[in-house]
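> Please find one structure pasted underneath; my questions will follow.
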Amino acid sequence: MSNRTDRDTSGGPGEGKHSVSVPATGVAVRESCDVRLLLVEDDAAIAEPLREGLEREGFEVDLAPTGAAALASGPVDLVLLDLGLPDLEGRVVCQELRRRGETPIIVVTARGDEIDRVVLLELGADDYIVKPFGFRELVARIRAVLRRSSGASAVATSITVGPLRVDTRSRQVRFAAEPVALTPREYDLLICLASDAGAVKSREQLMREVWDEHWWGSTKTLDVHVASLRKKLRPDVIETVRSVGYRYVDEALLDAVDAG
């Protein structure tokens with residue numbers, strides 16, 4: 001008898017459903033992590049076995065079959081958002097959830113186009129997973145995003161580099177005394193660079209520290225986020241180090257630029 005249950009169903013407009021493998025019942029719960037997830041999925045044939053699998057991993061799972069239900073849900077620790085919803089465009093739901101707060105969002109999509117993925121990240125998604133995917137990969141991504149969002153890495157309570165001021169307790173960013181609104185991933189990237197201003201961070205290091213060591217997507221998303229930070233702050237604050245990566249320009253150089 002097979003130890004896996006495969007579901008293959010069809011989904012909403014423009015979002016084909018693919019097989020999602022979830023371990024069959026009888027698998028022991030790994031750990032109780034006291035984390036509540038919101039699973040936004042309209043197809044019960046996928047949602048129910050996925051919820052059962054996640055609950056066996058120790059998560060508490062709320063189901064939302066529509067975009068409206070997702071937006072009306074209570075507080076959770078992470079949102080698992082399928083784009084193929086019957087009432088609202090998945091991107092709209094993602095954007096609205098991000099506008100309301102910093103709850104981590106993992107988007108589930110059948111769209112493999114790189115531009116589509118970059119747009120999702122720009123809208124505020126913390127990560128994405130493309131169908132078909134393995135259940136263990138999904139759990140690994142959930143835990144990696146939760147680790148990043150928990151602030152487990154020790155950073156100073158404030159960072160000051162030239163005109164940049166960051167309060168890491170409130171996640172408030174100011175540049176030249178003006179507030180700057182950043183997506184969670186932009187904020188994490190800025191902290192990674194600015195907390196060690198002047199030091200060169202390789203592309204691999206930035207992908208590992210800001211995204212995930214098991215990131216499967218294109219590293220071009222790093223360039224997109226750097227470009228966005230330059231636009232929101234100032235073009236010269238993040239320097240490209242050819243064939244290596246990026247660095248946040250140190251305070252002395254920034255002050256010299258300001259004075260000039």
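Please treat every number below as a calculation from the coordinates, not as lab data. Keep in mind the model is a prediction, meaning the values are calculated, not measured. With ideal geometry, Cβ positions are generated from the backbone for all residues, glycine too; neighbour counts draw on all protein chains shown.
> Simple spin-label model, 7 Å along Cα-to-Cβ: Arg174 to Asp223 in nm?
Distance between label points: 3.5 nm.
> Would you calculate the separation in nanometres between label points at Leu71 and Val244, each defined as 7 Å from the Cα along the Cα-to-beta-carbon direction?
Taking the two extended label points, one gets 4.7 nm.
> Another one. So how do 160-173, 77-90 stack up, highest first, on mean other-Cβ count within 10 Å? Each step should come with its number before you reach the end.
Values: 160-173: 17.1, 77-90: 21.2.
Highest mean packing first, the order is 77-90, 160-173.
> Please give the FRET efficiency for Arg143 paired with Ala199, using the beta carbon to beta carbon distance and R0 = 30 Å, rounded to the nearest 0.05.
Values: r = 28 Å, r/R0 = 0.94.
FRET efficiency, Arg143 to Ala199: 0.60.
> For segment 174-231, state which chymotrypsin sites (Phe, Trp or Tyr not before Pro) are in a DSSP loop and have at most 13 other beta carbons lying within 10 Å of their beta carbon. Kindly include the intermediate steps, with their values, before the conclusion.
Values: sites: Phe175, Tyr187, Trp211, Trp215, Trp216; in loops: Trp215, Trp216.
Those that pass, being in a loop and sparsely packed, are Trp216.
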